[in-house]
1. Restricting attention to region 105-128, which residues are more than 13 Å from the ligand (Cβ to nearest atom), among the small types (Gly, Ala, Ser) and touching a residue at least 24 places away in the same chain (Cβ under 8 Å)?
2. Condition first: open to solvent by 40 Å² or more (accessible area, probe 1.4 Å) and over 18 Å from LEU180 (Cβ atoms). Now tell me which residues in region 370-379 satisfy that.
3. What is the one condition in (1) more than 10 Å from the ligand (Cβ to nearest atom); (2) surrounded by fewer than 21 Cβ atoms within 10 Å (Cβ to Cβ); (3) under 23 Å from ARG24 (Cβ atoms) that HIS133 does not satisfy?
4. Out of curiosity, is GLU216 under 16 Å from the mean Cα position of the chain (by Cα) and open to solvent by 20 Å² or more (accessible area, probe 1.4 Å)?
5. Please list, ordered by residue number, the helices (runs of 4 or more DSSP H) wholly in region 185-292 having 3 or more residues that are touching a residue at least 40 places away in the same chain (Cβ under 8 Å), within 24 Å of LYS345 (Cβ to Cβ) and not acidic (Asp, Glu).
6. For region 354-373, enumerate the residues that are farther than 30 Å from GLN284 by Cα, free of Cβ contacts under 8 Å to residues at least 24 places away in the same chain and in a loop (DSSP other than H, G, I, E, B).
7. Return the total of residues in region 1-14 being touching a Leu at 6+ places or on another chain (Cβ under 8 Å) and within 16 Å of the ligand (Cβ to nearest atom).
Amino acid sequence: MVSRVIPVDPFDLVIFGGTGDLARRKILPALFRRFCAGQMGTDARVVGAARTEMDSAAYREFAREAITEFDDNEECAAESLDGFLEQLSYITLDARGDTGWQAMKAAMRDGPIQAFYFSVGPGLFGDLAERLHAYEIAGPDSRIVVEKPFGRDLASAQALNKGLAKHFDESQIYRIDHYLGKETVQNLMAIRFGNTLFEPLWNAQYVDHIQITVAESVGVGTRGGYYDKSGAMRDMMQNHLMQLLCLIAMEPPAKFDPAAVRDEKLKVIRALEPVDAEDVVRGQYEGTGELPGYRNQVENRDTRTESFVALKARIGNWRWAGTPFYIRTGKRLRARASEIAVVFKDAPHSIFGADAGRHRNILTIRLQPNEGIELGVTIKEPGPGGMRLVDVPLDMSFAEALGPDSADFPDAYERLIMDVVRGDQTLFMRGDEVEAAWAWVDPIIDAWQEVESDPILYASGSSGPDDALRLMHKDGRRWREIKP
Ligand code: NAP
């Protein structure tokens, strides 16, 4: 079954930071793939903008190299790339000065949808918003896309929101969290709200606990400068993991529309109880063999920044009281593996006796690698010799059920950029959500700073500090194995 591609209306998309890493690795390749798929038409225009001096021809070469390096879609032919590049241009522009703004104004067409992607550090968001307004480039229908990190605490997020709100209505602001653009994350909502099977069980009465793991096998690499000012809590927990938590825990929205979905997510964040100090573990990876430790990859060799965090979250509402959410994320772990596991309670009584063992249904939503959903059910082990039970996955592989093309779905950036063009904010974070998330995370970080203790060291290639294992052991539970 090949999915139907609906072309979007003509648009002008400006990429501020068009020469940066994100533009090279994600934005330009994503646009190219949508062009190949026939979703971005030949009437769309993409304008790169940054301080580096170059002309449009040089920018097209820059984009060609980026796409050649980072796009792995072999089906898209070379002539498609030439066609796509014709739609690109470049303007040398300073977000903090006057250079380039008149040229930008002249480059924007009347009529097509206008979107401005702020692919620059958050320190420039206010400047860009200010100038888009002052030079009368953006209007009431224009959209702006902003990247993470959206602040480093509640106060800075509030300041960013305020800076943007001076010139843009909330309905024009698209705060990207690329985890929300993943196919399986949206499938999670389809599974929950499109079936009668799961929702009646989706509560503390039937769910023992939920685990969310986002594990990376790589270290900070060359991003040490940025990462050391941030850490796992700010870089991953406050945004990606909390967004996943919201989608798992929220009440059914009345409609699948931006206001309804985001209202329900916000209610989850507001219902989160403060985290007890003994329910948070923060770690930092050590070097192994030739691999340098975290402290050797950042400037401050005494840094206390965490490269790993695990915590137990509790949601104080009727649905979830008594069901903990164990959440962990970290770098240099055993494998690159992200998943959500909904672990259901044991059957209230086993008619098969102690020999049959303990069996549980687990619904696993794999985000990477191999996006997919799996439901573990208990069946009888085949063969004679009595009633021995075994857990097997009930297969929900997209490729098998829907045909091979179905596994070839757009990546998160492709989907999200097209959502911006379509004007659909459902999968973007609203300002109040981001602030509520910081309000929950800030006290945890403040408490670390107060005690002035070092994070716990863990070996590269491990599952994180042993204390993280104990976080679940003390509740009589265990983490699922981190495996590729
Ligand atoms: P980057 O590689 O440092 O690129 C920054 C871009 O901003 C460059 O194109 C730079 O070009 C431009 N720029 C800097 N100062 C400017 C100014 N005064 N006026 C106009 N343009 C200016 O950063 P990045 O990695 O692409 O990240 C961009 C944003 O995305 C950041 O907010 C980052 O946190 C976020 N993000 C990045 C990633 C990633 O994988 N890279 C992932 C998630 C989020 P010139 O120097 O030529 O001006």
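1. Residues of region 105-128 that are more than 13 Å from the ligand (Cβ to nearest atom), as a first pass: 105-115.
Filter once more, keeping what is among the small types (Gly, Ala, Ser): 106-107, 111, 115.
ALA107, GLY111, ALA115 - these are the residues of region 105-128 that are more than 13 Å from the ligand (Cβ to nearest atom), among the small types (Gly, Ala, Ser) and touching a residue at least 24 places away in the same chain (Cβ under 8 Å).
2. We begin by selecting, within region 370-379, every residue open to solvent by 40 Å² or more (accessible area, probe 1.4 Å); these are 370-371, 374, 378-379.
Hits for region 370-379 are ASN370, GLU374, THR378, ILE379.
3. The single condition HIS133 does not satisfy is (3).
4. Details: under 16 Å from the mean Cα position of the chain (by Cα): yes; open to solvent by 20 Å² or more (accessible area, probe 1.4 Å): yes.
So GLU216 fits the description; yes.
5. Working: elements: 224-227, 242-249, 258-271.
Those helices (runs of 4 or more DSSP H) span 242-249.
6. ARG358, ASN361
7. Here is the first cut: in region 1-14, the ones touching a Leu at 6+ places or on another chain (Cβ under 8 Å) are 1, 13.
Subset that is within 16 Å of the ligand (Cβ to nearest atom): 13.
Qualifying residue count, region 1-14: 1.
Every residue, every condition in (1) within 18 Å of the chain's Cα centre (by Cα); (2) of a type in the set (A, V, I, L, M), yes or no:
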residue	(1), (2)
ALA115	no, yes
SER119	yes, no
PRO122	yes, no
PHE125	no, no
LEU132	no, yes
ARG143	no, no
ALA155	no, yes
GLN158	no, no
LEU164	no, yes
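The values are calculated or read from the model by the stated rules, or taken from the named source; none is laboratory data. Please read these numbers as outputs of a predicted model, since none were measured by experiment. Here the Cβ is made from the backbone with ideal geometry for all residues, glycine too, and neighbour counts use every protein chain on show. Protein only, heavy atoms only, side chains kept; ligands, DNA and RNA dropped before computing areas. Shrake-Rupley method; radii C 1.70, N 1.55, O 1.52, S 1.80 Å.
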